[in-house]
Amino acid sequence: TDYPRGFKNGFLWGGATAASQIEGAWNIDGKKLSGAECIRGAKEGETHSTLDEATRQSIEEAVNSDSDRDYPKRHGNDFYHRYPEDIKFLAEMGFKAFRISIAWSRIFPNGDELTPNEKGLAFYDRVFDEMHKYGIEPVVTLSHYEMPVGLTLKYNGWASREAITDFTRYTATVFKRYKGKVKYWMTFNEINTGTTGFHATGALEDGLKTTNEKLQLRYQALHHQFIASALATKQLHEIIPGAKMGCMLARMQTYPATCNPADVIMAQKVDQLNLFFTDVQVRGEYPEYMNRYFGEHHIVIKMLAGDQELLKKYPVDYLSLSYYMSSATAAKASHDATAEASGNQYAVKNKYLKQTPWGWQIDPQGLRVALNTLWDRYRVPLFVVENGMGTYDKFSDDGKIHDSYRVDYLRAHIEQMKEAVKDGVDLMGYLTWAPIDLVSFSTSQMSKRYGFVYVDLDDNGQGTLKRTPKDSFYWYKKVIATNGEDL
Ligand code: BG6
């Protein structure tokens with residue numbers, strides 16, 4: 001019997017980024033602040049996430065500060081001004097697709113305006129035109145942790161149902177504007193991380209004391225995002241026939257720590273909390289196992305009449321995922337470093353795996369497991385829209401960066417992806433995070449580098465911003481040219 005031996009023709013090879021991590025120009029051409037631009041970074045050498053360190057006081061302080069040193073996502077890597085040079089690098093590698101996000105606060109600076117900011121819209125026109133010049137297909141995230149902070153201060157972000165109206169005004173605006181330019185869209189980046197707080201919900205939690213109270217707010221905010229996604233999918237299909245909408249899951253592949261059935265049960269529960277999001281967005285309904293979880297945590301989701309029908313009627317066209325690491329789950333909470341890195345409080349170190357300096361456990365085979373699991377469960381096309389290794393890079397004496405560790409990481413993941421394709425998984429493409437060094441999301445550091453192209457900028461915002469291709473640049477070019485045959 002025949003089966004696929006490699007990646008299909010038209011496979012979308014490329015890379016992925018997000019506005020708040022690359023653009024800079026946070027207060028230029030009418031833009032106002034997003035939540036991401038109000039979070040301070042970790043110090044050099046620290047590995048802990050600063051993502052959800054937001055209180056009303058810290059946000060108000062940030063809004064009154066004009067420092068892009070304290071808030072590194074305000075300077076990014078200067079893509080706003082250097083996009084022609086950067087896209088040229090991508091074209092040289094042979095990119096077929098490039099994922100960016102639109103900064104909502106560039107289009108609707110405060111979030112609640114009734115007319116869009118023309119200068120913001122014009123910027124993305126220029127970026128999409130530049131991509132098309134080289135035959136690069138744009139893949140666009142509508143919300144990559146970038147809610148206008150004005151909406152946090154106005155009605156506490158996604159905790160309020162009002163956010164749906166403001167969001168869908170923004171999505172209709174960009175669908176109409178970029179109708180002839182963008183075919184692949186996705187709504188909320190790593191929507192599942194909304195269970196951890198502010199960075200994804202745009203909602204402050206001052207005054208909430210217990211975990212259950214916080215979970216109540218976060219799952220309600222996520223319900224609003226589900227409805228907003230369904231409505232955006234409906235709009236997209238009406239405005240741009242043939243365009244595709246995806247959901248985006250941070251796939252946290254997990255294994256039972258041992259074959260002790262207690263560990264197996266806990267691993268299954270942890271996994272359900274991850275798959276819950278795709279169950280809603282692909283299958284179009286809340287799964288039964290969440291009733292028990294909500295009941296045990298005293299969570300009541302407030303739904304309006306018609307919500308369930310909307311979810312059922314407008315599921316996504318494809319499922320996109322990020323994949324960086326796996327974890328091993330034990331029956332008891334561990335609270336160790338592995339737990340922090342994976343966001344799974346039951347995670348323990350997997351002795352079979354190595355890890356990055358940030359404690360992310362490297363597991364290429366886990367990607368094959370993840371792809372098979374998602375394909376078996378959903379039967380919709382899958383798209384790997386983030387995968388990569390964030391680590392330190394150093395120039396050698398010859399003035400080059402020999403990042404063989406990055407090539408090893410990516411090669412091993414592509415090999416396993418190919419195994420998944422042979423297993424029968426329908427895979428649309430592969431985008432690495434991130435082709436050009438950028439500001440890390442979880443720690444806002446520059447020193448946690450992912451790129452094929454080095455950017456001269458340090459954790460204090462100092463540097464010339466000069467771009468230099470690393471060894472991995474030439475390797476990835478060959479991978480794309482051979483459609484993943486020559487690794
Ligand atoms: C994903 C995000 O979580 O992982 C990206 O979608 C992020 O925004 C990427 O940059 C890598 O994480 P980090 O924290 O190393 O930048």
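The values are calculated or read from the model by the stated rules, or taken from the named source; none is laboratory data. All of these numbers come straight from a predicted model, not from anything done at the bench. Don't worry about glycine lacking a Cβ; one is built from the backbone with ideal geometry, like all the others, and counts go over all protein chains shown.
What to note about this one:
- Filtered by the rule that a residue be free of Cβ contacts under 8 Å to residues at least 40 places away in the same chain and part of a helix (DSSP H, G or I), segment 194-210 gives a lone residue, 194.
- Restricting attention to segment 428-487, the residues that are away from the ligand (no atom under 11 Å from the Cβ), surrounded by fewer than 24 Cβ atoms within 10 Å (Cβ to Cβ) and in a loop (DSSP other than H, G, I, E, B) total 18.
- Against the conditions (1) within 22 Å of the chain's Cα centre (by Cα); (2) of a type in the set (A, V, I, L, M); (3) modelled with pLDDT of 95 or more; (4) within 19 Å of residue 439 (Cβ to Cβ), residue 51 satisfies every one except (3).
A quick yes/no check of all residues on (1) over 30 Å from residue 88 (Cα atoms); (2) touching a Gly at 6+ places or on another chain (Cβ under 8 Å); (3) among the basic types (Lys, Arg):
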| position | (1), (2), (3) |
| --- | --- |
| 327 | yes, no, no |
| 337 | yes, yes, no |
| 364 | no, no, no |
| 375 | yes, yes, no |
| 425 | yes, no, no |
| 435 | no, yes, no |
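- Annotation for segment 138-145: no member residue is farther than 24 Å from residue 241 by Cβ and away from the ligand (no atom under 16 Å from the Cβ).
- Residue selected from segment 252-280 under the condition among the polar types (S, T, N, Q) and more than 27 Å from the chain's Cα centre (by Cα), by the criterion surrounded by the fewest Cβ atoms within 10 Å (Cβ to Cβ): 260
- For segment 275-297, a residue qualifies if it is in contact with a Phe, Trp or Tyr (Cβ under 9 Å, 6 or more places away or on another chain) and not hydrophobic (A, V, I, L, M, F, W, C), and the qualifying residues are 278, 279, 281, 283, 284, 286, 287, 289, 293, 297.
- Annotation note: of 397, 376, the sole residue that is in a loop (DSSP other than H, G, I, E, B), modelled with pLDDT of 95 or more and not basic (Lys, Arg) is 397.
- Residue 416 among the polar types (S, T, N, Q), under 22 Å from residue 4 (Cβ atoms) and either more than 16 Å from the chain's Cα centre (by Cα) or surrounded by fewer than 22 Cβ atoms within 10 Å (Cβ to Cβ) (or both): yes
Yes/no matrix, rows are residues, columns are (1) over 13 Å from residue 257 (Cβ atoms); (2) of a type outside the set (A, V, I, L, M); (3) over 16 Å from the mean Cα position of the chain (by Cα):
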residue	(1), (2), (3)
334	no, yes, yes
341	yes, no, no
350	no, yes, yes
357	yes, yes, yes
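- Some residue of segment 169-191 being free of Cβ contacts under 8 Å to residues at least 24 places away in the same chain, surrounded by fewer than 20 Cβ atoms within 10 Å (Cβ to Cβ) and part of a helix (DSSP H, G or I): no
- Taken together, the residues in segment 307-331 that are among the basic types (Lys, Arg) and out of contact with any Asp or Glu (no Cβ under 9 Å at 6 or more places or on another chain) amount to 1.
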